[in-house]
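Undergrad: My questions all concern the structure below.
The values are calculated or read from the model by the stated rules, or taken from the named source; none is laboratory data. None of these values were measured; they are calculated from a predicted model. Glycine gets a Cβ as well: all are built from the backbone with ideal geometry, and neighbour counts include every protein chain shown. To get the accessible areas, we keep the full protein, side chains included, count just its heavy atoms, and leave off ligands, DNA and RNA. Shrake-Rupley method; radii C 1.70, N 1.55, O 1.52, S 1.80 Å.
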Amino acid sequence: MTATETETTTTEATTFDVLVIGAGISGMYQLHLLREEGLSVRVLEAGSDVGGTWHWNRYPGARLDSESYSYQYAFTTDLLEDWDWSELFSGQPELERYFQTVADRYDLRRDIEFDTRVTAMTFDEQANTWKVTTDTGKTFVAPLVITCTGVLSAPIYPHIPGIDRFRGESYHTALWPKETVTFENKKVVVIGTGATGIQAITEVAKTAGHLTVCQRTANWAVPLRNQAMTPERMAEIRAGYPDMFENLQHTFSGFLHDWDPVPTTAYSPEELQERFQKAWDGPGFAKWMGLPNDIATSAEANQKWCDFLVERIKERVSDPATAARLTPNDHYFGTKRVPCESGYYEVFNQENVDLVSLKENPIVEITETGVRTESGDIDADMIIFATGFEAFSGALKRIHITGVGGRTLQEAWSDGPVTYLGVQVAGFPNLFIMGGPHGKGGHGNGPRCAEKVQEWMTDFAKHIFDESIVRVEADPQAQLEWSDEVQERAMKGLMAQTKSAFFGDNLADDDPNKPRKRTYLAYVGALDEYVDRLKNLTKNGYPGFVITS
């Protein structure tokens, strides 16, 4: 493959060696790596600046649930010495500043096209290149495209009649404006109580005149236990960076917390309660990934932890009926994304907060003045939709991607995503996916899960150009075997019994984007296991890919 840059016009395509879609955490690192190899790269980014998740998700309460210092880039050795985190779990403003600082330090913006949303991509079977069309009128061509569009970057709205009729303020948490939004003396309705909703609700309740929370499904939420970072603590952490980054590549999902190999069955009832209390008192995912490992696989073990959590909810919520509504009764702990919270349950002890269970009292429609449920109207000055994302595959499906023979990615994924190792799809040559369905790159502690995958991708890209390879395509049989393995492993776990975004269950039944089959979207497996599989591909000449020179 070869490529040379040409002058950009609205009618004349600009050509690069590699196009990267997205300037979030993954896209920024992918750009840095590819530039280091001497390749000409252009990143196309829909937003006005870098940061991805932390550029778009500026809703009140947006915050990490990975410890801040475990979430930063490992490659930025000089910045690691300079950057002090202010909190154990940083909020959106600090995270956005961090990624902007990385872009400044490594001069990344000169190769990023901001305010440029990719609308279509078409593979030229004669030239073996991709033509990429954007909403700005600019067109780009490259022999290699790498998508870094993110796991949670395609927001969805609920299918509620009248959703466009409301005359008050209306926001989606994933599309929050940069301008200040105030809640004082306003009647606010929040729809959704997932990880995002729980963070937003806790903040909105502090100042809203009245807050009504519309909950479809109660979630298991655990205390974040955030705290300020002292200079002494930062110095201690900084001294341990080399060992920390190495160790994080060998935890299950790149978190500081890892599954405890001692199962619940090894404890007496009294000892188990002490073990649970220790986890409960710990930070972040000590109360998930840091638990005895059989909680992830055994319904009996999981129920013991659920019983412990039920008692904590009862202790924190004054009204027993409200506590019961906030207690999940349809899924085991950890079979959905576990939200971390800071005072969420206590919100429902406030006089200015009401909880509406949509299972008991469904929304009928949205009106000009608020939300109408089966039992009556809820007046609102503002409605906040904390209704999540079309996870893993949504951002890619919203681009009109046309591969070999005119087949679109939407058609290829009509029964649910199929991939080879989560990095490529048969029929779409020279198109690689970072952090999409079936890969580990977007499922866990983001930077830690992505970095080794992107380093592998960079080595593969260099090999492609060095060896003058013109086409790389996933073998259909290898794709089938990998997709079947992903599905089979998922169906053996407790999560298979739960409706969740991991299966696309959060999409409405009448949503055309909802797959015809219930397909697992992520990857059940340890980070180092996944990375080893990619490394073995390199050692063995990239089996599973059809390579044409």
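Undergrad: Looking at segment 373-407 only, could you name the residues that are within 30 Å of E184 (Cβ to Cβ), free of Cβ contacts under 8 Å to residues at least 60 places away in the same chain and charged (D, E, K, R)?
TA: Residue satisfying the conditions is D377 alone.
Undergrad: I'm trying to understand the selection: among the residues of segment 96-145, which are touching a residue at least 60 places away in the same chain (Cβ under 8 Å), acidic (D, E) and part of a strand (DSSP E or B)?
TA: E113
Undergrad: I'd like the full set of residues that are open to solvent by 10 Å² or more (accessible area, probe 1.4 Å) and in contact with a strand residue (DSSP E or B) (Cβ under 6 Å, 6 or more places away or on another chain), limited to segment 412-430.
TA: Correct list: Y420, A426.
Undergrad: Touching a Pro at 6+ places or on another chain (Cβ under 7 Å) and at pLDDT 95 or above: does that describe I25?
TA: Taking the combined requirement at face value, the residue satisfies it.
Undergrad: On to the next question. Are any residues in segment 82-99 within 21 Å of the chain's Cα centre (by Cα) and open to solvent by less than 50 Å² (accessible area, probe 1.4 Å), and if so, which ones?
TA: Residues satisfying the conditions are L88, F89, S90, G91, Q92, E94, L95, E96, Y98, F99.
Undergrad: I'd like to verify a number: residues in segment 511-549 that are touching a strand residue (DSSP E or B) at 6+ places or on another chain (Cβ under 7 Å), outside any loop (DSSP other than H, G, I, E, B) and either open to solvent by 70 Å² or more (accessible area, probe 1.4 Å) or within 22 Å of L396 (Cβ to Cβ) (or both), how many?
TA: 2
Undergrad: Please list, ordered by residue number, the strands (runs of 3 or more DSSP E) wholly in segment 168-220 having 3 or more residues that are more than 27 Å from G150 (Cα to Cα).
TA: Because the criterion is at least 3 residues that are more than 27 Å from G150 (Cα to Cα), the strands (runs of 3 or more DSSP E) in segment 168-220 that meet it are 187-191, 210-215.
Undergrad: Of the residues that make up segment 158-171, is at least one open to solvent by less than 10 Å² (accessible area, probe 1.4 Å), more than 30 Å from Q424 (Cα to Cα) and in contact (Cβ under 8 Å) with a residue 24 or more places away in the chain?
TA: no
Undergrad: Let me ask something else. Quick check on my filter: what residues within segment 296-307 are within 28 Å of the chain's Cα centre (by Cα), in a helix (DSSP H, G or I) and either modelled with pLDDT under 95 or buried (at least 18 other Cβ atoms within 10 Å of the Cβ) (or both)?
TA: A296, A301, N302, W305, C306
Undergrad: Which ones in segment 280-293 are under 15 Å from L494 (Cα atoms) and surrounded by fewer than 20 Cβ atoms within 10 Å (Cβ to Cβ)?
TA: Matches in segment 280-293: N293 only.
Undergrad: For residues that are within 16 Å of K517 (Cβ to Cβ) and touching a residue at least 24 places away in the same chain (Cβ under 8 Å), scanning just segment 483-495, find the one that is surrounded by the fewest Cβ atoms within 10 Å (Cβ to Cβ).
TA: Here the residue is M491.
Undergrad: I would also like to ask the following. Could you list, ordered by first residue, the pairs with Cβ atoms under 6 Å in which the first is in segment 25-40 and under 14 Å from G441 (Cβ atoms) and aromatic (F, W, Y) and the second is assigned to a helix (DSSP H, G or I) and modelled with pLDDT of 95 or more, at least 6 apart or interchain?
TA: Y29/Q454
Undergrad: Quick one: which residue in W259, W280 is within 18 Å of R225 (Cβ to Cβ) and either in contact with a helix residue (DSSP H, G or I) (Cβ under 8 Å, 6 or more places away or on another chain) or in contact (Cβ under 8 Å) with a residue 24 or more places away in the chain (or both)?
TA: Every option except W280 fails the conditions.
Undergrad: Out of segment 398-450, which residues are of a type in the set (S, T, Y) and in contact with a His (Cβ under 8 Å, 6 or more places away or on another chain)?
TA: T408, T419
Undergrad: Further question: Filter segment 439-487 down to the residues that are within 13 Å of the chain's Cα centre (by Cα) and not charged (D, E, K, R) and list them by number.
TA: G439, G441, G442, H443, G444, N445, G446, P447, C449, A450
Undergrad: Does segment 117-134 contain at least one residue that is within 30 Å of F385 (Cα to Cα), surrounded by fewer than 23 Cβ atoms within 10 Å (Cβ to Cβ) and charged (D, E, K, R)?
TA: For segment 117-134, residues within 30 Å of F385 (Cα to Cα), surrounded by fewer than 23 Cβ atoms within 10 Å (Cβ to Cβ) and charged (D, E, K, R): present.
Undergrad: Sticking with this structure for a sec: Do we find a residue being within 26 Å of the chain's Cα centre (by Cα) and open to solvent by less than 40 Å² (accessible area, probe 1.4 Å) anywhere in segment 262-275?
TA: no
Undergrad: Taking segment 100-116, which residues are over 24 Å from F465 (Cβ atoms) and open to solvent by less than 60 Å² (accessible area, probe 1.4 Å)?
TA: Q100, T101, V102, A103, F114, T116
Undergrad: Another question about this same structure. Of all residues in segment 359-371, which are open to solvent by 30 Å² or more (accessible area, probe 1.4 Å) and in contact (Cβ under 8 Å) with a residue 40 or more places away in the chain?
TA: Within segment 359-371, K359, I363, V364, E365, E368, T369 meet the criteria.
Undergrad: Now for a separate question. Check segment 403-411 and report whether any residue there is within 24 Å of the chain's Cα centre (by Cα) and open to solvent by less than 10 Å² (accessible area, probe 1.4 Å).
TA: Yes, segment 403-411 contains at least one residue that is within 24 Å of the chain's Cα centre (by Cα) and open to solvent by less than 10 Å² (accessible area, probe 1.4 Å).
Undergrad: Just to be sure, is G27 open to solvent by less than 10 Å² (accessible area, probe 1.4 Å), within 16 Å of Q454 (Cα to Cα) and out of contact with any Phe, Trp or Tyr (no Cβ under 7 Å at 6 or more places or on another chain)?
TA: For G27, the condition - open to solvent by less than 10 Å² (accessible area, probe 1.4 Å), within 16 Å of Q454 (Cα to Cα) and out of contact with any Phe, Trp or Tyr (no Cβ under 7 Å at 6 or more places or on another chain) - is met.
Undergrad: Looking only at segment 280-295, filter to residues that are in a helix (DSSP H, G or I) and within 21 Å of the chain's Cα centre (by Cα); which one of those is nearest to D307 (Cα to Cα)?
TA: The selected residue is K287.
Undergrad: Continuing with this model, one more query. So D258 passes all but one of these: (1) acidic (D, E); (2) within 22 Å of K336 (Cα to Cα); (3) open to solvent by 30 Å² or more (accessible area, probe 1.4 Å); (4) assigned to a helix (DSSP H, G or I). Which condition number does it fail?
TA: Evaluating D258 over (1) acidic (D, E); (2) within 22 Å of K336 (Cα to Cα); (3) open to solvent by 30 Å² or more (accessible area, probe 1.4 Å); (4) assigned to a helix (DSSP H, G or I) leaves (4) as the failure.
Undergrad: Would you mind telling me which numbered condition in (1) in a helix (DSSP H, G or I); (2) under 30 Å from T498 (Cα atoms) G162 fails?
TA: It is condition (1) that G162 fails.
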